[in-house]
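The values are calculated or read from the model by the stated rules, or taken from the named source; none is laboratory data. All figures in this text were calculated on a predicted structure; none of them were measured in a lab. When we count neighbours, we look across all protein chains shown, and the Cβ atoms used for this are built from the backbone with ideal geometry, even at glycine. Heavy atoms of the whole protein, side chains included, go into the accessibility calculation; ligands, DNA and RNA do not. Shrake-Rupley method; radii C 1.70, N 1.55, O 1.52, S 1.80 Å.
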Amino acid sequence: MTGGQRPQIWGVLNVTPDSFSDGGRFLGPEQALEQALRLIQEGADVLDVGGESTRPGAAAVDEAEEIRRTAPVIEALRRARVSLPISIDTRKAAVARAALDAGASIVNDVSGGTHDPSLLPLVGQRGAGLVLMHMQGHPATMQRAPVYADVVTEVVAHLEARRGAAEAAGVSRARIWIDPGIGFGKSLEHNLALFHALERFTAAGPVLLGASRKSFLGALTGRGAPERLLGSLAAAARALQAGVAAVRVHDVAATRELLEVLSRLTPPPR
Ligand code: HH2
C-alpha cells in the first residue's frame, strides 16, 4: 500500500489470563471495555477480541469459558455504541457464533478453518469476514521443531487451499484475509523468509499480518515482550512497504503514527 494508503490497524484485545504480552491485564469485562475504548481512541480500525491464548505451549480453553470471556465484552461494546468492526479471534464455531450474535462481524481463525469443521459454513451463512491464518501443528507443540522444505511456497499454497475451502463453504472471497502466521510453528529463519517474501502473499490476496511483540523480535533484539515496540514498528513498516491490508497490533497509537507518516512519505505507484 503506497502513496497515502496505509494498512488497517487491528487492535488486540486479549481477554485471557495467559496471553504472552498482556495476559491477565484485561480479564474482567470492565477492564476489557476500558482497554477497548483506549484502543479506539488511539486509532484502531478494527478490534480483535480473543479469549484463548495461542502462544506457544498455551493450554486449550473449553468453549463455554471462551464464550464467557468474550461475548459479554462484545455486547458491552455494542451497548456503548461502539460502531467499528469487531473480530473474534477463535478456532471454535460455537465461540464464533456467540460473538457474531453479540455483534462481531469478522472471525479470525488461527487454524485457517482446520480446527472445527463447522466454522467455515457458519461464517458463510452469516456473511461475516474471515481471517485464514497458517499454523504448522498446534499451539501446545508447534515451536518444538518446525520443518518446511520451502516455507514460503508451502504457506502460500496452504492459504490458497484454505481460501478455496472457505469459498466452497459459502464465504465470499472479497471478505477473506490471508495471514502467514508469524511465529506459529516457525523458526526465526522461517519468520524472516516470510517477511522477505511478503509480496508473494499480497499478490495472492488481502493480507493481515500479526508480528506485534512476537518472540522473533526478541530473538533479533534481545528484548522481552513489553519492550518490543520499536521492533514491532519496524515490522509494521515492512508490512506497509509490501502492501499488506491490515496489521494486528498491541500498540495502536504508535503504529498508527508510524503508518500515517510513512504512507505519506512513500511515492504513489506510477
Ligand atoms: N497472533 C496471535 C493471536 N492471534 N491472529 C492472526 N490472524 N494472526 C496472528 O499473527 C495472531 C493471531 C498471538 O498474539 P497475542 O494475541 O498477543 O497472544 P496470545 O495468542 O498469547 O493471546
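For the stretch 192-231, trypsin sites (Lys or Arg not before Pro) meeting the loop criterion (DSSP other than H, G, I, E, B) and having at most 16 other Cβ atoms within 10 Å: ARG223.
In this structure, THR266 and GLU160 have a Cβ-Cβ separation that, at R0 = 35 Å, corresponds to a calculated FRET efficiency of about 0.80.
Here the chain has 52 percent of its accessible surface on carbon and sulfur atoms, given a 1.4 Å probe and all protein chains in place.
Hey, what's the chain come to in accessible area per residue, 1.4 Å probe, Å²?
Using a 1.4 Å probe on heavy atoms only, each residue of the chain averages 43 Å².
With the contact rule set at Cα under 8 Å and sequence spacing of 6 or more, what percent relative contact order holds for the chain?
With pairs under 8 Å counted, the relative contact order is 23 percent.
For the chain, adding -39500 (n - 2.57) for each run of n ≥ 4 DSSP H residues and dividing by the number of residues yields -13500 deg cm²/dmol at 222 nm.
Taking amide H atoms as placed 1.01 Å from N in the peptide plane, the amide H of VAL107 lies under 5 Å from those of ILE88, GLY129, LEU130, VAL131, each 5 or more residues away in sequence or on another chain. For the chain, the membrane-span-like helix rule (DSSP H, alpha carbon extent of at least 24 Å along the helix axis, mean Kyte-Doolittle at least 0.0) picks out 151-168; this says nothing about an actual membrane.
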